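The values are calculated or read from the model by the stated rules, or taken from the named source; none is laboratory data. Everything numeric in this text was worked out from a predicted model, so none of it was measured.
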Amino acid sequence: MAYCPKCLTEYREEATECIDCHRPLRHGVPPAVEQPGFDADAKLVAVRTFRGPTASMEAELARNVLKEEGILSALPGDTGAEVIPGIDLVHLVVREEDAARAEQILEAFENTNAELLESDSPESPEDRGPESQS
């Protein structure tokens, strides 16, 4: 096996150059990348609970919003396992000291999202002026 030393993409042994980075490949297995995590003594609090068939997707979206703002978050049981069908309750947790800021960020995101949805909705005939009705 070979890998790119810059982006860590894995290639077949016969490959010689990364197609993205154009760097020469190294032979062997790429080094493990340490994922940032919570300290063992960090107190975690739930900032959102998602329910329903899209709970996992909504939780991941919220997690990505927080990540972009520099807030570390987690979805308990978030070890790469699939969500069990029928269990559609997902908690998003952050460190206690980040909870207030996370709430503000998520609320602002949700409000912006709702405004976008409202502006994209088609007008009903009652909302249109007389000149636009046929």
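The table below gives the values:
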| read-out | value |
| --- | --- |
| Yes/no for Ala102 being modelled with pLDDT under 90 and in a helix (DSSP H, G or I) | no |
| Among the residues listed as Val83, Val45, the single one being farther than 30 Å from Tyr3 by Cα and modelled with pLDDT of 85 or more | Val45 |
